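K.L.:
Next up is a structure, given as structure tokens.
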Amino acid sequence: MTHSSSLSPSDQPLLSVVIPVYNVGQYLPRCLDSVTKQTYPNLEIIVVNDGSTDNSAAIIADFAFADPRVKVVDKKNGGLVSARKAGLEVATGKYIHHLDGDDYIEYDAYQRLVEKAEETNADLLLFPFLFDQGNAERNALSRPYLQPRYTCVEFLKACYTENGYFAVWHYIHKRSLYDNEIDFNLNLSMGEDAYLTTQLAYYAQNIVSMGGEPLLHYILRQDSISNKGFSKKMISDFLLYPDLIDRFLKETPVYTALERDIASIRIHSWNNIIHAGYLANIRTYSRDAMVLYQKYPDLKKQRSTKTYYKLYYLYHLNPLFGYIYALYYKRKGKIISQKI
């Protein structure tokens, strides 16, 4: 689809696209092609090579040679958060889009997004995307946002209860949001989007959602973290990021309105750990979960938190009952590892 603008390129706001890259050479040409061929010309394309050991560096060099808008940042491997931060440090655009190097966007995406952001004066503009499995019959559209505009509290409530998305690549946002004190926790490798999105949304005065066709393809890879299993570091991060969110929001006037929803992401994090089969600390999770369920009884029925409620309850009641029920969950596929 083509979408033209009446503005000349020099009159159009600059959009900085920050693309962190680590060993995604198989997917990178499609990603960079989708950006360099945008119908929207006024782009600053910042590709951060985070210490790749495959052919990513050569692919980046080819695109940079062919398109002067491509800026290359080479750094030692430091993880996704440090790569995004390095890209932001050289970004100069009015708007920022974080695009992962294995995903890609529709050719008219930035034209449509910038025009919508300008029209609505959005600080943060949400847009639909596609869960892309490489098979049109299996691909799925993201859940639609039901409101055209959101307050910070409304948007974060949606994210924390799985009625919205944390992913930083499913919105563009004003670079001026980073004028606030944004914490980039460089050790975080799971939940990093949830933490950054929480901070950006808090400082955003105008959060706008855009309907219509999906503008981004989120590639579901067979070698993704969820398919490879969790490491101890990932488990640690699942426990850490709700704490970081809680600590940040506790200092703000919206904390009381979001306390229940923070409880929801805590329980959801424990669910993910248990789903991966890491049950060493399940008695602690069960005790803490039952405290939250008692304080917020409606969480027992919430889609993102209810799956393991009975398991928590039985472990809290009697560890033997809980263990037997965990074996049942394993047979049902609700626990996927052998680590019971």
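The values are calculated or read from the model by the stated rules, or taken from the named source; none is laboratory data. In this text, all values refer to a predicted model and were calculated from it rather than measured experimentally. Here Cβ is always computed from backbone atoms with ideal geometry, including for glycine, and neighbour counts include all displayed protein chains. Please note that ligands, DNA and RNA were not included when accessible areas were found on the heavy atoms of the full protein model with its side chains. Shrake-Rupley method; radii C 1.70, N 1.55, O 1.52, S 1.80 Å.
K.L.:
At a Cα cut-off below 17 Å, give the aspartates and glutamates reachable from LYS76, other chains included and same-chain residues fewer than 8 away excluded.
P.N.:
ASP50, ASP54, GLU89
K.L.:
Taking 25 °C and 0.890 mPa s as the conditions, I'd like the Stokes-Einstein D for segment 189-333 in µm²/s, using the Kirkwood hydrodynamic radius from alpha carbon pairs. If you can, show how the numbers build up before the last one.
P.N.:
Working: Rh = 17.0 Å.
Using the Kirkwood radius from Cα pairs, D works out to 144 µm²/s.
K.L.:
Which sequence of SER34, SER236 reflects their accessible areas, 1.4 Å probe, from the largest down? Working shown, then result.
P.N.:
Values: SER34 5, SER236 60 Å².
Heavy-atom accessible area, descending, gives SER236, SER34.
K.L.:
Run the 1.4 Å probe and let me know the accessible area of LYS332, rounded to the nearest 10 Å².
P.N.:
Using a 1.4 Å probe on the heavy atoms, I get roughly 120 Å².
K.L.:
Would you tally the net charge around ARG84, using a Cβ to Cβ cut-off of less than 11 Å, leaving ARG84 out, and scoring K and R as +1, D and E as -1? Display every interim value, and only then the final one.
P.N.:
Details: positive: LYS85; negative: ASP50, GLU89, ASP100, GLU192, ASP193.
Spelling it out: positives minus negatives among the neighbours equals -4.
K.L.:
Where does the charge balance sit around VAL168 when Lys and Arg score +1, Asp and Glu -1, over other residues with C-beta under 15 Å from its C-beta? Walk me through the numbers on the way to the answer.
P.N.:
Numbers: positive: ARG84, LYS85, LYS174, ARG175; negative: ASP100, ASP102, ASP103, ASP123, ASP183, GLU192, ASP193.
Once positives and negatives cancel, what remains is -3.
K.L.:
Which entries in LYS85/LYS157; LYS157/LYS301; LYS37/LYS75; LYS306/LYS332 show an alpha-carbon gap greater than 18 Å? Display every interim value, and only then the final one.
P.N.:
Details: LYS85/LYS157 26 Å; LYS157/LYS301 16 Å; LYS37/LYS75 26 Å; LYS306/LYS332 16 Å.
Correct reply: LYS85/LYS157; LYS37/LYS75.
K.L.:
TYR296: accessible area at probe 1.4 Å, nearest 10 Å²?
P.N.:
30 Å²
K.L.:
Over segment 59-214, with the other protein chains present, what is the accessible area per residue in square angstrom, probe 1.4 angstrom? Could you put the intermediate results ahead of the total?
P.N.:
On the way: 6790 Å² over 156 residues.
Averaged over the residues of segment 59-214, the accessible area is 44 Å².
K.L.:
Over segment 211-308, what percent of the accessible surface lies on carbon and sulfur atoms, probe 1.4 Å? Please list the in-between numbers first.
P.N.:
Values: 2570 of 4900 Å².
Of all accessible area on segment 211-308, carbon and sulfur atoms account for 52 percent.
K.L.:
Would you work out the relative contact order for the chain, in percent, from Cα pairs under 8 angstrom that are 6 or more residues apart? Could you put the intermediate results ahead of the total?
P.N.:
Values: 560 pairs, mean separation 53.1, N = 340.
Normalised by residue count, the contact order of the chain is 16 percent.
K.L.:
Now for a different question. Using Cα positions and a limit of under 17 Å, work out the aspartates and glutamates in reach of LYS94, with same-chain residues fewer than 8 apart set aside.
P.N.:
Here the aspartates and glutamates satisfying the reach criterion relative to LYS94 are ASP11, GLU44, GLU115, GLU118, GLU119, ASP123, ASP179.
K.L.:
Additional query: Calculated from DSSP H runs of 4 or more alone, at -39500 (n - 2.57) each and per residue, what is the 222 nm mean residue ellipticity of the chain, nearest 500?
P.N.:
Details: 12 runs with 145 residues, N = 340.
Result for the chain, helices only: -13500 deg cm²/dmol.
K.L.:
Roughly speaking, to the nearest percent, how much of segment 79-121's 1.4 Å accessible area is carbon and sulfur?
P.N.:
Accessible surface attributable to carbon and sulfur in segment 79-121 totals 46 percent.
K.L.:
Next up: Would you tally the net charge around PRO297, using a Cβ to Cβ cut-off of less than 12 Å, leaving PRO297 out, and scoring K and R as +1, D and E as -1?
P.N.:
Values: positive: ARG260, LYS295, LYS300, LYS301, LYS306; negative: ASP298.
Summing Lys and Arg as +1 and Asp and Glu as -1 gives +4.
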